[in-house]
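Here is the structure we will look at, set down as structure tokens.
Quick note: the coordinates plus some simple rules give every number you see, no bench work behind them. All values derive from a computational prediction rather than experimental measurement. Here the Cβ is made from the backbone with ideal geometry for all residues, glycine too, and neighbour counts use every protein chain on show.
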Amino acid sequence: MERLTRWFREHARGLRRNQTDAERTLWPRLRKRQLLGAKFRRQHQIGRYIVDFCCSHKKLIVELDGGQHADLACADAQRTAFLEREGYQVLRFWNHEVLANSDAVLEQIDQALTSPHLPPLPKGERIRGEGRNEGGFTILELMTVLVIAGILLTLAEPSFSSTIHKAREASLKQNLFTMRDIIDQFRADTGKYPPALADLKAAGYLKRVPVDPFTKSASTWQEILDQAEGGVFDVHSGSDLVGSDGVPYNQW
């Protein structure tokens, strides 16, 4: 047993060291209780499985699947069934969904965190209309839970919207910082600014041009050209919305 535990621990460490692009994109948005104060762990062991991201308190698991999982549908179904029997809610996303639109993925995770998740009844038990068997629920109890949950969701909606907005602003700041830093690296290496953001990808400085979280497009960035040297020396958002600090995003 101790040898097996050590193997799981080392395997989880290896997975954390060799994250996929999708995991590297999502983890900075989940760590340090950024979503509704929920604490997520990455590469967390549950039984004989190691899950990508897990919030134990909320009993929520987030799994990211690559193309190879299309051929592992049966194994994934068994894995999900086991985790659900343990009382967890499992959200699955394709890697390309996270890379193309991480904000939409985060919105679904937020919804799962704020929505009530009732664990499945033990095998063989069922809800009864009259009375209550051990470990089960009456219809009245379930109706009461749903009413309370509805009230809580109504109260939490403004906070939920604010959290999503802040997450998008944080993503925009990170994208701008990254692209500006890479533009400076390109100039230091080549002695000139890149002709366009796409050239940073072609030269291997970027794997892909990031998506603007407010326009939801990678092609709407405003490329600011240097009048003296030519080339892109700065970049701004293509959104005409105003940020929480009162400054338009296209001036950040």
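Taking the stated definitions as given, is ASP199 within 30 Å of the chain's Cα centre (by Cα), of a type in the set (Asp, Glu), under 27 Å from ALA22 (Cβ atoms) and surrounded by fewer than 19 Cβ atoms within 10 Å (Cβ to Cβ)?
Values: within 30 Å of the chain's Cα centre (by Cα): yes; of a type in the set (Asp, Glu): yes; under 27 Å from ALA22 (Cβ atoms): yes; surrounded by fewer than 19 Cβ atoms within 10 Å (Cβ to Cβ): yes.
The answer is yes for ASP199.
Only one of (1) part of a loop (DSSP other than H, G, I, E, B); (2) aliphatic (A, V, I, L, M); (3) in contact (Cβ under 8 Å) with a residue 12 or more places away in the chain is not met by VAL235, so which one is it? That leaves (1) as the condition not met.
Residues in region 30-40 that are out of contact with any Leu (no Cβ under 6 Å at 6 or more places or on another chain) and buried (at least 16 other Cβ atoms within 10 Å of the Cβ): how many? First the steps, then the outcome.
First, the residues of region 30-40 that are out of contact with any Leu (no Cβ under 6 Å at 6 or more places or on another chain): 30-35, 37, 39.
If we keep only those that are buried (at least 16 other Cβ atoms within 10 Å of the Cβ) too, we end up with 30, 34-35.
Residues in region 30-40 being out of contact with any Leu (no Cβ under 6 Å at 6 or more places or on another chain) and buried (at least 16 other Cβ atoms within 10 Å of the Cβ): 3 in total.
Just checking, does region 226-243 include any residue being crowded, with 17+ Cβ neighbours inside 10 Å, under 30 Å from LEU113 (Cα atoms) and of a type outside the set (S, T, N, Q)? Yes, the conditions are met somewhere in region 226-243. If you go through region 170-225 and keep only what is of a type in the set (Ser, Thr, Tyr) and in a strand (DSSP E or B), you end up with just SER217.
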